[in-house]
Amino acid sequence: MKIFLETERLILRQFTEADAELLFQLDSDPEVTRFTKLGDRSGTPTAYNEIKNEFLPKVLRYYQKYPGYGFWAAIEKLSNKFIGWFHFRPGLDSYMGAALYQVDDIELGYRLQRKVWGKGYATEGSKALIRKGFLELETQQVVASALLANKASIRVMEKVGLKFERNFVYSESQQAGVKYALNKEDFI
């Protein structure tokens, strides 16, 4: 397993094929998936076969397609346990793609187990990814989006220095969303 970066309390490492069960368990909590793009699913968990045969292979392809960008398994150092994931990927390759993002935008995102909510892990991991992106990966702008109802994620975006850019509506679910951004000049 290749470690991408470490923070005081987290290890962010590459995913492997062996992580399908961890991802399935994460997405099996309806509170965890409540604010995802599929948040209108009424808490229906993502099927294991969808994770193993669709999502995880896509995640693994990022490491070759976009060196330095992709999805990273979040491991809590204290317990050495998987607690969720972060992504730091080209925005055009995201769910919203060109409808929301520009060519050079790098999208920040995270999904963490409910038991670690409120412990600052989303902020800690996000800050580390932003820093690495701007200082090591030639990232020009970091962007993030969330459902307007997801106040906790919006707070994280603000804590890590992203600024409100615009409101929008997710086309599939017709739910209100917000986009936040931070460019390299404002970071430095």
### Query
What do you reckon, how do E158, E31, E138, E124 stack up by accessible area (1.4 Å probe), largest on top?
E138, E158, E31, E124
### Query
Which order do L78, L56 take when ranked by solvent-accessible area (1.4 Å probe, heavy atoms of all protein chains), largest first?
L78, L56
### Message
Test of understanding: what is the full-extension gain from E54 to R166, defined as 0.36 nm times their sequence separation minus their Cα-Cα distance?
### Response
37.2 nm
### Message
Please report the antiparallel percentage of DSSP beta bridges with both residues in the range 32-188, rounded to the nearest 5.
### Response
90 percent
### Query
What list of ³J(HN,Hα) values in whole Hz, one per residue of the range 172-188 in order, does the Karplus curve 6.51 cos²θ - 1.76 cosθ + 1.60 (θ = phi - 60°) give from phi, with Gly and Pro shown as x?
5, 9, 6, 9, 6, x, 10, 10, 10, 8, 8, 9, 4, 4, 6, 5, 7
#### Entry: Length-normalised contact order for the chain - Cα pairs under 8 Å, 6+ apart - percent
17 percent
### Query
How about the range 108-143: which chymotrypsin sites (Phe, Trp or Tyr not before Pro) there lie in a loop by DSSP and see at most 15 other Cβ atoms within 10 Å?
W117
### Query
Sorted by accessible area (1.4 Å probe), largest first, how do M96, M1, M157 line up?
M1, M96, M157
### Task
At a Cα cut-off below 26 Å, give the lysines reachable from K179, other chains included and same-chain residues fewer than 8 away excluded.
K37, K58, K65, K119, K127, K132, K151, K159, K163
#### Entry: Neighbour cut-off at most 14 other Cβ (10 Å), DSSP loop, trypsin sites (Lys or Arg not before Pro), the range 1-106
K2, K77
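When the convex hull of the C-alpha atoms of the chain is computed, what volume per residue in Å³ does it have?
About 113 Å³ per residue, rounded to a whole number.
The values are calculated or read from the model by the stated rules, or taken from the named source; none is laboratory data. Keep in mind that what you see is a predicted model, and the values were worked out from it rather than measured. Neighbour counts are summed over all protein chains in view; Cβ atoms, including those assigned to glycine, are modelled from backbone coordinates with ideal geometry. Note: accessible area is taken over every heavy atom of the protein model, side chains too, but ligands, DNA and RNA are not part of it. Shrake-Rupley method; radii C 1.70, N 1.55, O 1.52, S 1.80 Å.
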